[in-house]
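Quick notes on the structure that follows.
The values are calculated or read from the model by the stated rules, or taken from the named source; none is laboratory data. Computed from a predicted model, the values in this text were never measured in an experiment. Reconstructed Cβ throughout: ideal geometry from the backbone, glycine too, with neighbour counts over all protein chains shown.
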Amino acid sequence: MRWSRAFPILLAVGAISLLLSLSLASAQGGFGTVTISDGIANSDEASISIPKVADLPANEVYEGWFVSDDWSRSISTGILAVQDGGVSQTFTIASPEEDGSLTPLGINLFAFFDKFVVTIEPAEDTDPDPSDKIYLIGTLADNINEIRQINFSNPGSPAYSAGFHAGVPKGAAVGLVEQTGEVSAHAQMALSSMNAGQTSEALAHAEIAVNIITGGTSDLDGDGQGANPGDGYGAMTYASDVAAIAGAVGVLGEDLAASAMGVNDSLQGIVDTVNQAASAVAAGSDTAARSFIHSAANQSMDASSAADGVYMAAQGLGEYTLHIPPEEPSVGDPTVPQMAMASLIAGMVLLAFGGLVVFRNRRSRTTA
């Protein structure tokens with residue numbers, strides 16, 4: 001066969017090998033995600049997204065489940081409705097179950113579960129438990145302790161005051177977003193009071209903002225009392241906790257840790273600005289004090305927004321990536337990565353060889 005005829009064949013084979021390697025690699029990357037967010041309580045809602053699922057017989061359906069660490073508990077997310085070949089729906093624990101099962105109002109989905117599975121169930125199914133026909137599975141087992149400390153409960157934090165988890169220590173990110181929100185609220189009240197000419201009231205609210213940030217009881221307004229209606233832990237302490245826990249996760253937690261420390265720095269900036277406002281009031285300069293209070297109010301809104309971002313990123317750290325169970329030979333087979341790499345190498349070699357053929361042919365024609 002002449003080289004000029006061989007080249008298109010080599011090129012086609014090489015391209016197919018490259019496409020095969022990319023397809024295999026894509027399959028290894030996951031088939032869907034389950035992302036936890038807030039519905040009516042902390043982390044009680046799940047967004048389930050599976051772009052493509054296999055067709056099932058009419059007498060079978062897909063069902064989603066949150067499953068506990070030891071497989072002893074499960075919560076059904078209900079039948080997964082297939083539309084346009086995929087699944088996209090939201091699950092929220094909306095009400096308590098009369099039988100006392102583990103689906104009460106306000107449960108944090110990070111609290112008891114570290115797996116999400118999609119099973120194949122009979123369309124007419126009376127069994128309340130998942131079947132053993134697992135279609136997809138995702139697990140947080142590798143980092144579940146850190147994910148829980150950030151999103152659900154961190155030992156040493158003040159306790160939730162209400163809800164299903166009342167009495168349980170708060171998650172670090174939960175405390176951060178709560179306390180930073182209170183800081184912003186009091187900073188805005190301080191600004192409103194200052195604009196109304198109520199300097200003493202403005203300093204009282206600014207004092208509260210600072211004490212919620214630090215967890216202390218500083219008396220900035222000079223009334224002999226250091227007011228702190230927060231939980232006493234300190235928003236900055238929560239931010240530091242988030243950063244430390246996320247840092248322990250490794251590469252996956254690096255951005256979250258950096259963002260949390262950014263919030264910490266912003267909170268410290270508010271403290272510094274409020275102290276400047278208090279000094280201006282003491283010096284009899286209400287104009288300067290008003291400027292500082294205005295700056296602190298703006299800083300507090302930025303800090304609260306950044307804390308919200310940290311909170312959502314923390315929940316994102318607990319996103320489930322769904323895969324075919326390891327025992328299945330397709331895409332979950334351990335030889336798939338090697339097959340992908342072999343296909344990639346073969347494709348590159350064939351394309352390179354084809355390029356060499358073209359070069360030689362052109363050189364031969366030039367010489368002739």
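The table for this structure:
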| item | result |
| --- | --- |
| Which listed residue is assigned by TED's automatic domain parsing to the domain that holds GLY309, crowded, with 18+ Cβ neighbours inside 10 Å and assigned to a helix (DSSP H, G or I), from ALA204, ALA288 | ALA204 |
| GLY224 being outside any loop (DSSP other than H, G, I, E, B) and either touching a Cys at 6+ places or on another chain (Cβ under 8 Å) or not assigned by TED's automatic domain parsing to the domain that holds SER43 (or both) | no |
| Members of the stretch 152-169 found to be within 19 Å of SER37 (Cβ to Cβ) and touching a residue at least 24 places away in the same chain (Cβ under 8 Å), listed by number | PHE152, SER153, GLY163, PHE164, HIS165 |
| Qualifying residue in the stretch 237-253 (condition: within 16 Å of ALA187 (Cβ to Cβ), in the same structural domain as VAL310 (by TED's automatic domain parsing), surrounded by 22 or more Cβ atoms within 10 Å (Cβ to Cβ) and touching a residue at least 12 places away in the same chain (Cβ under 8 Å)) | no |
| Condition check for HIS323: modelled with pLDDT of 95 or more, surrounded by 15 or more Cβ atoms within 10 Å (Cβ to Cβ) and outside the structural domain of ALA185 (by TED's automatic domain parsing) | yes |
| Which listed residue, of ALA173, ALA209, is assigned by TED's automatic domain parsing to the domain that holds THR273 and either in a helix (DSSP H, G or I) or without any contact (Cβ under 8 Å) to a residue 24 or more places away in the chain (or both) | ALA209 |
| Breaking point among (1) touching a helix residue (DSSP H, G or I) at 6+ places or on another chain (Cβ under 8 Å); (2) surrounded by fewer than 19 Cβ atoms within 10 Å (Cβ to Cβ), for HIS186 | (2) |
| Filter result for the condition that a residue is at pLDDT below 95 and over 18 Å from ASP302 (Cα atoms), over GLY247, GLY163, GLY171, GLY216 | GLY163 |
| Candidates MET194, MET261 - the one that is assigned to a helix (DSSP H, G or I), in the same structural domain as ALA288 (by TED's automatic domain parsing) and over 24 Å from ASP38 (Cβ atoms) | MET194 |
| Meets criteria (surrounded by fewer than 16 Cβ atoms within 10 Å (Cβ to Cβ) and of a type in the set (Gly, Ala, Ser)) for GLY234 | no |
| Residue within the stretch 130-148 that is under 28 Å from the mean Cα position of the chain (by Cα) and assigned to a loop (DSSP other than H, G, I, E, B) present | yes |
| Residues of the stretch 152-172 that turn out to be under 14 Å from the mean Cα position of the chain (by Cα) and farther than 19 Å from GLY234 by Cβ, as a count | 1 |
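Let's see how each residue does on (1) on the phi < 0 side of the Ramachandran plot; (2) at pLDDT 95 or above; (3) not in a strand (DSSP E or B):
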site: ARG5; (1), (2), (3): yes, no, yes
site: ILE9; (1), (2), (3): yes, no, yes
site: GLY14; (1), (2), (3): yes, no, yes
site: SER17; (1), (2), (3): yes, no, yes
site: SER26; (1), (2), (3): yes, no, yes
site: GLY39; (1), (2), (3): yes, no, yes
site: ALA46; (1), (2), (3): yes, yes, no
site: ASP55; (1), (2), (3): yes, yes, yes
site: TYR62; (1), (2), (3): yes, yes, no
